[in-house]
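> This is the structure, below, for whatever I ask next.
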Amino acid sequence: MRKLFDIKFILLIALLCCGFVACSDDNSGEIEEPEQPEPETGDVTLYITTNTRSQDFATKAVDFSDKSNMSPTTINLEPETRYQTMDGFGAAITGSTCYNLLQMTEDNREKFLKETFSPTEGMGYSYVRISIGCSDFSLSEYTCCDTEGIENFGLTSEEIDYVIPILQEIQAINPDLKILGSPWTSPRWMKVNNLTDLQPFNSWTSGQLNPAYYADYATYFVKWIQVLKEYGIEIYSVTPQNEPLNRGNSASLYMGWEEQLEFVKNNLVPAFKAASLNTKIYLFDHNYNYDNMGAQNDYPVKIYDAGVDEDIVVGAAYHNYGGNKEELLDIHEKAPERELIFTETSIGTWNDGRNLQNRLIEDMREVALGTVNNWCKGVIVWNLMLDSDRGPNREGGCQTCYGAVDIDRASYSSITRNSHYYIIGHLSSVVKPGAVRIGTSGFSDAGFYYSAFENTDGTYAVVLLNSNSASKMITLDDGTNHFSYEVPAKSVISYQWKK
């Protein structure tokens, strides 16, 4: 009888196990995540990602040392040397991103958005970019006033059904979220073929803004900001035109610096003032190399020099699809009182965008630390989420781009986290809005890149990249406390500790 009981018991256990496997393999849509060990505790919190994912944003800890610091690999923090104040870090919330997020189950979407945006339970993304009207990653071409006459302004289904609900969910998780708005094109009825012939130009792609409609287009910006506020969406900043020197995007508008000067100085700024808007304006919003157009070099500086309101036109925005990040330093030196932000970069098939072994190192060096160490107050990457077919995308837009994360189109549950997700997370997790970048001295070695910050909550933060093939013991010293930690080969590590 005992043997029979044992056999029945074993069979029961086997059936239960089979039932469990069947349940875990059903198409329930649950996001599969590896079991995480209990986070370590100590004086210093660390987040580590290796380019092999052997450590995948792993949370670690270390205590301050009570021994005298004699390490030759010490990075000394110098908080008396102060640079820019940080606004935040994040990604673009495009129509495609919102569509993909809304295909997820509500529980899975909340889990992902908390992991991404929560300042207490996640990475703390704090700055996003959205399009004013369509972008090249919208579900269709449109503006908010496609019927001629500014009195016909109104939001479309894409904003009401997709973008606004997602922004509201993110704001519920991070109420201090900053939002930047950029138009890809003006309404087509405002376009002309050129500023000499002034012939109507009924195309989403290229064209120029008819000077006769400068005032109406400024009103368009004001109405867009005001109507989003009615939905509880505060717009922190705008740029007058995405990629103003790019005529070839699926939705685009050419706007040289002299046009932008006239539009901004004599139309957009007065319209903002008349409406009592506090929204910041960042000029340019395009490449480091000005698309090799010599007459457009130093685009924002030319506008500054012509005289624009410093309280509203606070600075300039840049992308990295051409040229070198050192242009940021050059512009800062020419206009040190103005701000700089970085607003777009992409990964895709052309740069092996899903290969974390390559991209983590380069994107951390060039995009994250490279822009911050050249005076950028904010860093935003393109497209928070695309699907596994690089979409939804439209003909004429980018059909070879990946998202910061890609979600499996078959189930809308399995997520691949790419380099852009990690590089922003490594900044936003320890460098909080209002932090000041501070000076450092000491250890300097080829392959190591880092930046240090003082947060408003009385903590220090350091974000460090080791692009070398060997690990190294690095010591951080704030003048009162110091600690050491072995930084893995080809990894990013973020540190935060109380003074």
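> Can you give me the number of residues within the range 459-488 that are buried (at least 16 other Cβ atoms within 10 Å of the Cβ), assigned to a loop (DSSP other than H, G, I, E, B) and touching a residue at least 60 places away in the same chain (Cβ under 8 Å)?
Counting residues in the range 459-488 that are buried (at least 16 other Cβ atoms within 10 Å of the Cβ), assigned to a loop (DSSP other than H, G, I, E, B) and touching a residue at least 60 places away in the same chain (Cβ under 8 Å) gives 4.
> Looking only at the range 489-499, which residues are closer than 21 Å to Asn358 by Cβ, open to solvent by less than 30 Å² (accessible area, probe 1.4 Å) and of a type outside the set (S, T, N, Q)?
Residues of the range 489-499 closer than 21 Å to Asn358 by Cβ: 489-494.
Next, only the ones that are open to solvent by less than 30 Å² (accessible area, probe 1.4 Å) stay: 491-494.
Scanning the range 489-499 gives Val492, Ile493.
> Can you confirm whether the range 318-329 contains a residue that is among the acidic types (Asp, Glu) and under 24 Å from the mean Cα position of the chain (by Cα)?
Yes, some residue in the range 318-329 is among the acidic types (Asp, Glu) and under 24 Å from the mean Cα position of the chain (by Cα).
> From the list Thr456, Thr440, Thr475, exactly one residue is under 24 Å from Val128 (Cα atoms) and polar (S, T, N, Q). Which is it? Don't jump to the end; show me each part of the working.
On the way: Thr440 fails: under 24 Å from Val128 (Cα atoms); Thr475 fails: under 24 Å from Val128 (Cα atoms).
Exactly one residue qualifies, and that residue is Thr456.
> If we scan the range 161-170, do we find a residue that is open to solvent by 10 Å² or more (accessible area, probe 1.4 Å), among the β-branched types (Val, Ile, Thr) and not in a helix (DSSP H, G or I)?
Filtering the range 161-170 for residues open to solvent by 10 Å² or more (accessible area, probe 1.4 Å) gives 161-163, 165, 168-169.
Next, from what is left, pick out any that are among the β-branched types (Val, Ile, Thr): 163.
Next cut, not in a helix (DSSP H, G or I) only: none.
No, the range 161-170 has no match at all.
> Within the range 435-458, how many residues are assigned to a strand (DSSP E or B), under 22 Å from Ile424 (Cβ atoms), out of contact with any helix residue (DSSP H, G or I) (no Cβ under 8 Å at 6 or more places or on another chain) and open to solvent by less than 10 Å² (accessible area, probe 1.4 Å)?
Matching residues across the range 435-458 total 3.
> In the range 55-77, how many residues are within 29 Å of Leu177 (Cα to Cα), open to solvent by 50 Å² or more (accessible area, probe 1.4 Å) and over 21 Å from the mean Cα position of the chain (by Cα)? Don't jump to the end; show me each part of the working.
Going residue by residue through the range 55-77, those that are within 29 Å of Leu177 (Cα to Cα) are 55-61, 77.
From what is left, the residues that are open to solvent by 50 Å² or more (accessible area, probe 1.4 Å) are 56, 59-60.
Filter again for over 21 Å from the mean Cα position of the chain (by Cα), leaving 59-60.
Of the residues in the range 55-77, 2 are within 29 Å of Leu177 (Cα to Cα), open to solvent by 50 Å² or more (accessible area, probe 1.4 Å) and over 21 Å from the mean Cα position of the chain (by Cα).
> Can you tell me which residue in the range 87-111 is farthest from Ala368 (Cα to Cα), limited to those that are open to solvent by less than 20 Å² (accessible area, probe 1.4 Å) and among the hydroxyl-bearing types (Ser, Thr, Tyr)?
By that ranking, first place goes to Ser96.
> Does the range 49-78 hold any residues that are part of a loop (DSSP other than H, G, I, E, B), closer than 28 Å to Met123 by Cβ and touching an Asp or Glu at 6+ places or on another chain (Cβ under 7 Å), and which are they?
Listed by number, the residues that qualify are Asp63, Phe64.
> Please go through the range 275-301 and give me each residue that is surrounded by fewer than 18 Cβ atoms within 10 Å (Cβ to Cβ), part of a helix (DSSP H, G or I) and in contact (Cβ under 8 Å) with a residue 24 or more places away in the chain, ordered by number.
Asp291, Asn292, Ala295 - these are the residues of the range 275-301 that are surrounded by fewer than 18 Cβ atoms within 10 Å (Cβ to Cβ), part of a helix (DSSP H, G or I) and in contact (Cβ under 8 Å) with a residue 24 or more places away in the chain.
Yes/no per residue for (1) touching a helix residue (DSSP H, G or I) at 6+ places or on another chain (Cβ under 6 Å); (2) modelled with pLDDT under 95; (3) crowded, with 19+ Cβ neighbours inside 10 Å; (4) assigned to a loop (DSSP other than H, G, I, E, B):
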| site | (1), (2), (3), (4) |
| --- | --- |
| Ile341 | no, no, yes, no |
| Arg359 | yes, no, yes, no |
| Asp363 | yes, no, yes, no |
| Arg390 | no, no, yes, yes |
| Asp406 | no, no, yes, no |
| Ala410 | no, no, no, yes |
| Tyr421 | no, no, yes, no |
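> Go through the range 302-338 and give me each residue that's open to solvent by 40 Å² or more (accessible area, probe 1.4 Å) and either in contact with a Lys or Arg (Cβ under 7 Å, 6 or more places away or on another chain) or not in a loop (DSSP other than H, G, I, E, B) (or both).
Start the filter on the range 302-338 by keeping residues that are open to solvent by 40 Å² or more (accessible area, probe 1.4 Å), which leaves 302, 305-306, 309-311, 320-321, 323-324, 326, 329-330, 333-334, 336-337.
Once the filter is applied, which keeps residues that are open to solvent by 40 Å² or more (accessible area, probe 1.4 Å) and either in contact with a Lys or Arg (Cβ under 7 Å, 6 or more places away or on another chain) or not in a loop (DSSP other than H, G, I, E, B) (or both), the range 302-338 yields Lys302, Asp305, Ala306, Glu326, Leu329, Asp330, Glu333, Lys334.
> Consider the range 235-268. How many of its residues are open to solvent by 10 Å² or more (accessible area, probe 1.4 Å) and either in contact with a helix residue (DSSP H, G or I) (Cβ under 8 Å, 6 or more places away or on another chain) or part of a helix (DSSP H, G or I) (or both)?
Total satisfying the criteria: 10.
The values are calculated or read from the model by the stated rules, or taken from the named source; none is laboratory data. This one's a predicted model, so the numbers in the text were calculated from it and none came from an experiment. Cβ atoms come from the backbone with ideal geometry, glycine included; neighbour counts cover every protein chain shown. We work out accessible area using only protein heavy atoms, side chains counted, and drop any ligands, DNA or RNA first. Shrake-Rupley method; radii C 1.70, N 1.55, O 1.52, S 1.80 Å.
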